[in-house]
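So the structure is just underneath, and the comments pick up after that.
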Amino acid sequence: MINLSTNENAWGCSPRVSIALQSALNDVHAYPDANYIELKTALSQQLNVSTKQIMLGNGSEHLLELIVRGLILPHQNAIFSEYAFLTIPLILKNHHITTKVIPTKNWCEDIEQMVAAIDANTRLLFLVNPSNPTGTYTTNTQFDYLMQHVPANVIVVVDEAYFEYIQQEDYPFSLSYLNLYPNLIITRTFSKGYGLAGLRIGYAISSEYIINKLEHLRLPYHVNALAAKAASVALTDIEYIRKVREYTHLGINQLRAGLLRLGISYLPTNGNFITAHISNASIVTNSLLSKGIKVKSLQDYGLYDYMRITVGTCEQNELILSSIGQIISIGMMVK
Ligand SMILES: *Cc1c(COP(=O)(O)O)cnc(C)c1O
């Protein structure tokens with residue numbers, strides 16, 4: 001079975017991380033450092049922020065959950081975009097939070113309408129940048145507009161899970177807004193570019209004030225020692241991330257060209273996945289499954305004519321393209 005449904009890293013993690021994990025196995029009897037100094041220091045140096053501005057999480061989804069658990073009251077509401085990463089509405093629903101879902105504009109998050117939807121009870125505004133599953137991104141001009149127009153009591157949460165794959169020059173450098181806007185939280189993850197999804201580790205960057213609030217919500221050893229070690233080592237292997245980026249972009253181009261040849265259109269993408277426009281996508285995803293390839297049906301998003309394909313290795317990409325080709329040609333014969 002080839003899994004191209006959950007946006008994992010087709011090239012695994014850095015070999016440096018694998019070696020470090022082997023030796024870390026000797027220490028699994030010991031609790032992690034409860035302050036996670038090694039990883040927080042490495043992140044603070046790379047991001048040029050204070051360690052007090054960084055909060056770790058058992059995956060970045062854990063951080064999204066802590067944000068909802070700790071920063072919004074029952075009578076307050078949260079704003080996010082149509083087709084926003086499903087975990088966000090799920091967490092808000094679990095906490096019985098009123099939500100305002102803003103329609104997208106050309107598949108992009110509609111920043112002006114999101115701002116316009118803010119009312120006296122709005123507390124959280126979620127932006128997924130780049131967005132999953134649409135693959136679109138919010139530009140620096142739009143982001144600037146957002147930060148300038150959001151009242152100081154509304155917390156802006158930017159989910160940058162695909163940050164490592166970004167190529168666009170007008171992608172916002174959100175970290176530079178932290179000094180001016182203490183109400184900004186950025187979440188990132190080691191699950192995608194760094195290839196550590198199974199270990200569950202992500203981080204949030206914000207003002208000391210907000211990070212302090214979040215730190216009080218966590219249990220002492222909320223991130224396991226292997227994950228913390230792996231993440232610290234992963235940050236040192238810059239060459240590996242560079243390669244992952246390069247292979248991913250080649251893979252995206254391969255998928256784009258192949259889909260075009262098959263007459264299938266797709267949404268623009270800025271992550272390690274591509275969302276293809278194919279009518280009755282669930283029929284195709286099921287046929288692919290019977291051929292041993294798993295892709296993401298977007299039914300749960302209400303996108304019945306779309307499916308999301310994670311970039312695989314060159315061979316995997318070839319295989320999925322030829323499999324889609326076979327499925328389509330059989331469909332045409334039946335018609
Ligand atoms: C994959 C993904 C995440 C990552 O979640 P983790 O819990 O860190 O694995 C977060 N947000 C989006 C939009 C994603 O696609």
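The values are calculated or read from the model by the stated rules, or taken from the named source; none is laboratory data. If you're wondering where the values come from, they're calculated on a predicted model, not measured in any experiment. Don't worry about glycine lacking a Cβ; one is built from the backbone with ideal geometry, like all the others, and counts go over all protein chains shown. Side chains included, ligands, DNA and RNA excluded: accessible areas come from the protein's heavy atoms. Shrake-Rupley method; radii C 1.70, N 1.55, O 1.52, S 1.80 Å.
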Burial-style ranking of 314-323, 185-194, average other-beta-carbon count within 10 Å with highest first, yields 185-194, 314-323
One can check that the equivalent ellipsoid of the chain, built from the alpha-carbon gyration tensor with semi-axes equal to the square roots of five times its eigenvalues, has lengths in Å, largest first, of 33, 26, 17
Dividing the mean separation of Cα pairs under 8 Å (6+ apart) by the residue count of the range 47-101 yields a relative contact order in percent of 36 percent
antiparallel share of DSSP beta bridges within the chain, to nearest 5, in %, is 45 percent
The pairs in 100/243; 100/291; 40/294; 52/294; 105/192 lying past 31 Å Cα-Cα in this model are 100/243; 100/291; 40/294; 52/294
On the accessible surface of the range 194-335, probed at 1.4 Å with all protein chains in place, carbon and sulfur together account for a percent value of 57 percent
So residue 28 and residue 322, fully extended at 0.36 nm per residue minus their Cα-Cα distance, gain in nm 101.4 nm
Ordered by number, the GluC sites (Glu not before Pro) in the range 166-257 that occupy a DSSP loop and have at most 16 other Cβ atoms within 10 Å are 169
Largest-first ranking of 199, 90 by accessible area, probe 1.4 Å, whole protein assembly kept, is 90, 199
Taking alpha-carbon centroids only, the range 148-165 lies from the range 215-279 a number of Å equal to 20 Å
By accessible area (1.4 Å), largest first, 99, 134, 139 order as 99, 139, 134
Toy charge model, Lys and Arg Cβ at +1, Asp and Glu Cβ at -1: the range 87-208 dipole around Cα centroid in debye, rounded to 20, equals 480 debye
Once all protein chains are kept in place, residue 50 shows an accessible area at probe 1.4 Å, nearest 10 Å², of 40 Å²
Rounded to the nearest 10 Å², the accessible area of residue 296 using a 1.4 Å probe with every protein chain kept is 60 Å²
With every protein chain kept in place and a 1.4 Å probe, the chain has an accessible area per residue in Å² of 46 Å²
Taking Cα pairs closer than 8 Å and at least 6 residues apart, the relative contact order of the chain in percent is 24 percent
By the DSSP-based rule, helices of the chain that are at least 18 Å long along the axis (C-alpha) and have a mean Kyte score of at least -1.0 are 238-261, 314-334
Once normalised by the length of the range 1-140, the mean sequence separation of its alpha carbon contacts under 8 Å that are 6 or more apart gives a contact order in percent of 20 percent
If the chain between residue 212 and residue 304 were fully extended at 0.36 nm per residue, the gain over the current Cα-Cα distance would be 28.9 nm
If every Lys and Arg gets +1 and every Asp and Glu gets -1 at its Cβ, then about the Cα centre the range 198-330 yields a dipole, in debye to the nearest 20, of 100 debye
Residues whose built amide H sits under 5 Å from the amide H of residue 104, excluding neighbours closer than 5 in sequence, are 82
When every protein chain stays in place and a 1.4 Å probe is rolled, 114, 1 sorted by accessible area with the largest first are 1, 114
Computed for the chain: size of charge dipole around the Cα centre, +1 on C-beta of each Lys and Arg, -1 on C-beta of each Asp and Glu, debye to nearest 20, value 560 debye
Expressed in square angstrom to the nearest 10, the accessible area of residue 245 with a 1.4 Å probe stands at 80 Å²
